[in-house]
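Student: I have a structure I would like to understand better, so I am pasting it below and will then ask my questions one at a time.
Nothing in this text is a laboratory measurement; each read-out follows from the coordinates by a stated rule. Note that this is a predicted model, so its numbers are computed, not measured. Neighbour counts are summed over all protein chains in view; Cβ atoms, including those assigned to glycine, are modelled from backbone coordinates with ideal geometry.
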Amino acid sequence: MKRIIIVEDDLILSLLLEKQIQRMGYKVAAKVNNGEEAVEKIRGENPDLVLMDIKLVGEMDGVEAIDHVRKFSDVPVLYLTGNSDDITKKRAKATNPVAYMVKPVDMSLLKLTIQNVLRP
């Protein structure tokens with residue numbers, strides 16, 4: 001079963017994403033709300049996909065977290081963010097994400113994107 005880590009500091013959205021992922025038949029390997037913990041969970045869990053918010057609780061944002069992750073993993077990353085400014089997009093693009101979606105996210109588009117990334 002494919003495993004996904006959710007990095008999201010909005011509790012309600014995190015729960016919605018978890019339910020959507022489970023309905024799709026994937027396992028939520030972990031849910032975290034800060035960049036530091038995200039790096040450690042990704043290292044420890046070796047997921048098939050990371051759903052990453054950019055603005056997070058704590059010192060490290062989502063792009064910085066993925067910068068750290070890229071030193072040890074090329075795990076696919078799908079950014080889900082409220083940040084659509086050009087600077088943030090450019091920083092995120094440098095980490096080679098599979099997608100960059102601006103909130104509010106269309107759940108059917110998210111589902112399709114996840115299925116395309118995790119296709120066997």
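Student: Ratio to report: Rg/Rh of segment 37-104, with Cα atoms as the point set and Rh obtained by the Kirkwood method; give two decimals.
Tutor: Result: Rg/Rh = 0.93.
Student: Using the Cα centre of the chain as origin and beta-carbon charges of +1 (Lys, Arg) and -1 (Asp, Glu), tell me which of Ile114, Asn46, Leu13 is placed farthest towards the positive end of the dipole.
Tutor: Comparing the listed Cα positions along the dipole, Ile114 ranks first.
Student: Could you pull out which residues in segment 18-35 have an amide N less than 17 Å from a spot 7 Å beyond the Cα of Lys103, following the Cα-Cβ vector?
Tutor: The answer is 18-21, 31-35.
Student: Which aspartates and glutamates does Lys90 reach when only Cα atoms under 18 Å apart count, and residues fewer than 8 places away in its own chain are ignored?
Tutor: Output for Lys90: Asp53, Asp61, Glu64, Asp67.
Student: Here is a further query. How big is the chain along each principal axis, measuring the range of its Cα positions in Å and listing the largest first?
Tutor: 33, 30, 26
Student: Right, another one. Near Lys41, which lysines are there with a Cα under 19 Å away, not counting those fewer than 8 places off in the same chain?
Tutor: Straight-distance partners of Lys41: Lys2, Lys27, Lys31, Lys55, Lys71.
Student: Roughly how many debye, to the nearest 20, is the charge dipole of the chain about its Cα centre, given +1 on each Lys and Arg Cβ, -1 on each Asp and Glu Cβ, and no other charges?
Tutor: Computed about the Cα centre, the dipole is about 580 debye.
Student: Determine by what factor the alpha-carbon radius of gyration of segment 1-57 differs from 2.2 N^0.38 Å, reporting the quotient.
Tutor: Computed over Cα atoms of segment 1-57, the ratio equals 1.02.
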